[in-house]
1. Ala50 to Gln67: extension gain in nm, 0.36 nm per residue of separation minus the Cα-Cα distance?
2. Normalising by the residue count of the chain, find the relative contact order in percent from Cα pairs under 8 Å and 6+ residues apart.
3. Around Val32, which amide H atoms from residues at least 5 apart in sequence, or from another chain, sit under 5 Å from its own amide H, with H modelled in the peptide plane?
4. Please report, in debye to the nearest 20, how large the charge dipole of the chain is about its Cα centre when each Lys and Arg carries +1 at its beta carbon and each Asp and Glu carries -1 there.
5. Could the peptides 21-28, 71-78 be put in order, highest first, of the mean number of other beta-carbon atoms found within 10 Å of their residues?
6. May I ask you to derive the FRET efficiency for Ile23 and Met58 from their Cβ-Cβ distance with R0 = 22 Å, giving the value to the nearest 0.05?
7. Normalise the Debye intensity by I(0) for the chain, one equal point scatterer per Cα, no solvent, then take log10 at q = 0.13, 0.22 Å⁻¹ and round to two decimals.
8. Could you give the accessible area per residue of the chain, probe 1.4 Å, as a whole number in Å²?
Amino acid sequence: MIASAYGVGARLLLLDDRKARRIATGAYKLRVMGTAGVLVFAKRAGLIPAVRPLLEVMIGRGYYLSQRLVDQATSAAGEAPEHGADVSGGLGL
């Protein structure tokens, strides 16, 4: 997938796997976004009302997302973080 995106000159690659994201951004200099980033984009565009409920459904169905990523995504979407959550750091969405 990464080589194909590079080969066609893709402007953005959708990836959630951390190792694949590092390869895409490091070796291929591609811009990447994950599922959480897509949801933040959708909320900012007015396509969905909230990010957190969708991330919670994903987690409930077995999709792994760290609490830090959930908090970063909801913060970026302008939603209040969970009580006591740390939202410092970059947006690894």
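The values are calculated or read from the model by the stated rules, or taken from the named source; none is laboratory data. On a predicted model such as this, the values are computed, not experimentally measured, just so you know. Cβ placement follows ideal geometry from the backbone for every residue including glycine, while neighbour counts extend to all protein chains displayed. These accessible areas exclude ligands, DNA and RNA; they are computed on the full protein's heavy atoms, side chains included. Shrake-Rupley method; radii C 1.70, N 1.55, O 1.52, S 1.80 Å.
1. Values: separation 17, 0.36 × 17 = 6.12 nm, distance 1.65 nm.
Using 0.36 nm per residue and subtracting the Cα-Cα distance, I get 4.5 nm.
2. This gives 22 percent for the chain.
3. Long-range HN contacts for Val32: Leu13.
4. On the way: 12 positive and 7 negative charges, 93 e Å.
Value, rounded to 20: 440 debye.
5. 71-78, 21-28
6. 0.40
7. -0.47, -1.10
8. Numbers: 6090 Å² over 93 residues.
Result: 65 Å² of accessible area for each residue.
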